[in-house]
Structure formats: structure tokens, C-alpha cells
Amino acid sequence: YEKHQIRLTNLFNEKRVNFRNEKLAELFGVKVGFANDIMMSQSFCNGIVSQLTPLSEEDLIQVQQSIQTPFISDYVRVCNEQTLAKMEANKTKTGYVINNVPKTEGDELFAKIMKKYEGKVVYVDFWATWCGPCRSGIEQIKPLKEEMKDENVVFVYLTDQTSPEKTYSAMIPDIKGEHYRLNTDEWNYLAGKFNISGIPHYVLVGKNGVVLNPKLGHLSNNALKEELEKRMKE
């Protein structure tokens, strides 16, 4: 399944598109054409761009052949090429660290992760590659991280197996900080520990490893900077 996952996804998408086209024609009298091409391109480009999952040349040709409007077909290729270029550029980026999750008992897991950052204030972000609000929040604080790169603060990102490994690996070079990809049990334990009902979820940890705020909430960059600076002085 993992070997052929992209191909299987494309086959599923093809079946879904055909079903949608049939229903559009049956219920609304919309024939296959421009409107269908737009919806189809949106469906494919979402995976290509948002999930950093470009199509192989073979699959791209197949998708393009299923779109009748030439400029829309060309647009899908442009999106695919831009994503490939972005992924290639990400290979040269620095400022991010991929960490192995410490092998320990569940009740010691968070403390073990935090031990690496003793003496620093830690901003912990529970996120996923498929979570739009998570990625929006990560994008928002990029300027703040750059501004505080020499300060006594570290940004830690925790995700789980629902973030596909290929997408995760392609995405995190653009997210400066410390990264951990937890297994399902590890994620579920921490989700219970911090009462996480949805993501993004933020936790603030002090320089001594003590959790200062288990549910920080979303803050503006200015407000977050003030909070981090206050905690660094403690």
C-alpha cells in the first residue's frame, strides 16, 4: 500500500471525479466542460501544493488528459513544477532539527523531550501537515522566530502519524525549530496529558522544564513575544 499510495490516491480521485460529473449532469444539467475542469484542477492542485505531493510525470499526463480546457491543464503542470522546485530548494535550508523521540515510559515522555532544552523557554506546537490553522499559525510566527533566533527560547513542533512521512519530510525544512514525529500511542498520551481536543494546540514550558501554561491559546506575535520575554527573565 505504501509503495503504491500515490497511485491508489489518484485512482480514488478519478473515481470521485467521475461520480461528481455524473451527479452534476444528472441533478443540475451541468455537462463536462469548464466548470468540471476547474473543480478537478482544484482537487489535484490541493494535494500538489498544500500537501507538497507532486505527481509523477506519468500521473501528471493522465490528469492533464482528463482536463479539456488547455490553460487549466497547463496550470496543473505549473503547480506541479513549482512544488518540485520548492521541494528541491528546501533541501538546502537550515535551522530545523529532526529529533528521534526518546524511548521511555509514557508518563516520562514529555519531560524527556524537554530535557534537551533545559535553561530555555520552550514554545511547544502540536500540529499536523494537513491542518490549515496549524500551518497558518506556523507561517504567522516566522518573523518572530527570526527576530528571537538569538534569544533563550526554542520552538518545538510535535506531530503524529497522520502527517504522511513524505509530506512531513518535504514540509519541515521550511519550519525552523525542533521537530518530533510521534507514534500513535505517544501522541495519544500527550493529547490526554494536555487535554488536547483539537489542533493547533500550544504549550509553554519554563527554563526549568516545568509547564507554565498547558493551553496557551493563539496569540499575536507581539503578545507572544511579551510572554516569552517575561518567562525568560524568571
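The values are calculated or read from the model by the stated rules, or taken from the named source; none is laboratory data. Treat the numbers as computed from the prediction; the structure is a model and nothing was measured. No Cβ is skipped: glycine too gets one built from the backbone with ideal geometry, and neighbour counts run over all protein chains shown. Accessible surface is based on the protein model in full, side chains and every heavy atom, while ligands, DNA and RNA are left aside. Shrake-Rupley method; radii C 1.70, N 1.55, O 1.52, S 1.80 Å.
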Pair MET39, LYS23: separation of 7 Å Cα→Cβ label points (nm): 0.8 nm
Distance violations [Cα-Cα > 18 Å] among LYS120/LYS149; LYS93/LYS176; LYS86/LYS145; LYS93/LYS115; LYS3/LYS91: LYS86/LYS145; LYS93/LYS115; LYS3/LYS91
Rounded tilt (10° steps) of 106-115 against the dominant C-alpha axis of the chain: 80 degrees
Residues of type aspartates and glutamates that LYS207 reaches as a straight line, Cα spacing below 13 Å, ignoring anything fewer than 8 places off in the same chain: GLU118, GLU151, GLU229, GLU234
Computed FRET value (nearest 0.05) for LYS3 with LEU84, which takes r as the C-beta separation and R₀ as 22 Å: 0.60
Ranking by accessible area, most exposed first, for MET148, MET232 with a 1.4 Å probe: MET232, MET148
